Structures are given as C-alpha cells and as structure tokens.
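Have a look at the structure below before the remarks.
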Amino acid sequence: MKTGIPPLIIGNWKMNPQSTSLASKLGVELKKKVGGIKGVDIVIAPPAVYLDTLSRARGSRPLFMLGAQNVHHEKLGAYTGEVSLPMLMNLGVTHIILGHSERRRDGETDEMVQKKLGAAVKAGAIGVVCVGESERDSGGHYLSLVESQIRRALAGLSKAKLGQVVIAYEPVWAIGKTASEAATPRDVGEMMLYVKKVLAPLGAEKAVVLYGGSVEGANAKALMKEGGVGGFLVGHASADAKQFAALVTAVS
Ligand code: PGA
C-alpha cells in the first residue's frame, strides 16, 4: 500500500448466524484460520448480541478487532431497542459500521448517520461510513449521490476527528452477489479517485476508503491491486471461515 497502512478488512456478519453456539464456533474458526495472517487489520462485526461471545472466542490475545453494525447516537436513556456507544465500547468494540444500505433501505437517513458518526468519533471509536448508489446512470448522477452522502455524514466534524473516519463504498447493486457480479476493479478504481477528490477539500484525503459488494477470495486481489482500495467491507464471505481466510490471504 502506498500509505504504509495495512489493508483493513471488516467482516459484516449481518443478521447471522442463528445461535450463540454457532457464533462462538465461527469465532473460534476465524481465530484459527485468519488470526495468524500478517499484514492485514481485521475487524469482525457480528450482531450486537454476539459481541461478548465473539470477544471470548477470540481469546486474551485478540487477533482481530471487534466491530458493531449500528449504534444509537445517545449514550443512555429512553430509546427502546437501541444500543449505545459506551455499551459497545465496554465490550471491546473499536469500529462502528454506519449507514449500511440495508439500514438506509429501512429508513436510516444521512442526518442520522451524521449524528451517529459524531457520537462515535467523540467516544474514540472509528466510524465506518457506508455510501453507494442503488444503480448507475449514464448521466453520472450516482457520483453526486455518493458525494452528497459523504459530505452530509462528515458535516460538522472537526479536523481533529477526521482520522477516525473510514469510508466504505458499497454500490447497492453489487451487494450479496458473487465475485463475478461485483463491481469491476476499473469501476472501483474510478470511484476511489472520485471519493478521494470529495474527501480532499474536507481535509480527509488520508481517510481509508474501502470497497464492499460481493468481495470473495476470487476477486479480492484484483480489486486491491487495480481498484486502489484501502481494504474491504465483506458480507457473506465473512460468515464462512474458509472463504474469509481465502479472501484475507489473497489480500495479505
Ligand atoms: P456482500 O455484502 O459481501 O455479501 O456483498 C457486503 C455488505 O453488505 O457489507
């Protein structure tokens, strides 16, 4: 990597697996299979109810970091069903995924992402802001959408906190498919340049920019090399230890 920062690979388990014992088993397998791989920073973001289980499964010398898939911007109070930053950080969470398209689809707005990001960085966590278009149009409107998602999320953030921001470009049309249907390294490379151009005037040109959307062992290397990404946000391939290990090995 040009920056000398190791690639960051975040596994987003989404709403999987079905039980604590399966989460624990997957955690132990991941520790065995990817824990020893050097030159990569790994974060696993399970459903919040499995954070404690995963924290135990990864052991006392943690070989991967813990992430959360969402957070509420308030610390405490009457917010039924929500989980706060102190609660997550108390369990060892360092990275918070924000504005994932599956949450935006269910009503999460740019304003909510902005509030959550502000709260996350204030608490000392890394905010992983997901952006991306649902479809590409020939007029390039998808570029303005990505730009506006980034600008709105980062609005009001002090320069000192920008180092705690990671951007994950995840085109919605490429999520949950197979490697052959992911965005091409060329598509991704162009978008990486565009995102950097948007970030520069905000003072965030050094922010790590990830790609997500059907990243698997088969396409990870090409996306990394030709796409110029700082790492990946991985969905389905992170909920299978063997697949995830193949992907991490390809990147390392
Ligand atoms: P996918 O999911 O790797 O299964 O496409 C990526 C994501 O939604 O973060």
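Numbers at a glance
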| quantity | calculated |
| --- | --- |
| Residue, nearest to Gly228 (Cα to Cα), within the stretch 3-45, restricted to residues that are within 15 Å of the ligand (Cβ to nearest atom) and out of contact with any strand residue (DSSP E or B) (no Cβ under 8 Å at 6 or more places or on another chain) | Lys14 |
| Those residues of the stretch 231-242 which are more than 10 Å from the ligand (Cβ to nearest atom) and either touching a Gly at 6+ places or on another chain (Cβ under 8 Å) or in a strand (DSSP E or B) (or both), in sequence order | Gly231 |
| Candidates Lys206, Lys159 - the one that is in contact with a Ser or Thr (Cβ under 8 Å, 6 or more places away or on another chain), more than 30 Å from Val28 (Cα to Cα) and away from the ligand (no atom under 12 Å from the Cβ) | Lys206 |
| Residue check for Glu170: among the acidic types (Asp, Glu), at pLDDT 95 or above and crowded, with 18+ Cβ neighbours inside 10 Å | yes |
| Filter result for the condition that a residue is surrounded by 14 or more Cβ atoms within 10 Å (Cβ to Cβ) and either among the hydroxyl-bearing types (Ser, Thr, Tyr) or in a loop (DSSP other than H, G, I, E, B) (or both), over Arg103, Arg136 | Arg136 |
| Conditions (1) touching a strand residue (DSSP E or B) at 6+ places or on another chain (Cβ under 7 Å); (2) in contact (Cβ under 8 Å) with a residue 40 or more places away in the chain; (3) closer than 19 Å to Gln164 by Cα; number of the one not met by Val129 | (2) |
| Out of Leu210, Leu202, Leu162, Leu157, sole residue that is in contact with a Gly (Cβ under 8 Å, 6 or more places away or on another chain) and surrounded by fewer than 20 Cβ atoms within 10 Å (Cβ to Cβ) | Leu162 |
| Ala168 vs. criteria in a loop (DSSP other than H, G, I, E, B) and in contact with a strand residue (DSSP E or B) (Cβ under 7 Å, 6 or more places away or on another chain) | no |
| Members of the stretch 209-223 found to be within 15 Å of the ligand (Cβ to nearest atom), assigned to a helix (DSSP H, G or I) and not polar (S, T, N, Q), listed by number | Gly217, Ala218, Ala220, Leu223 |
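The values are calculated or read from the model by the stated rules, or taken from the named source; none is laboratory data. As the structure is a computational prediction, the values presented were derived from the model and not from experiment. Here Cβ is always computed from backbone atoms with ideal geometry, including for glycine, and neighbour counts include all displayed protein chains.
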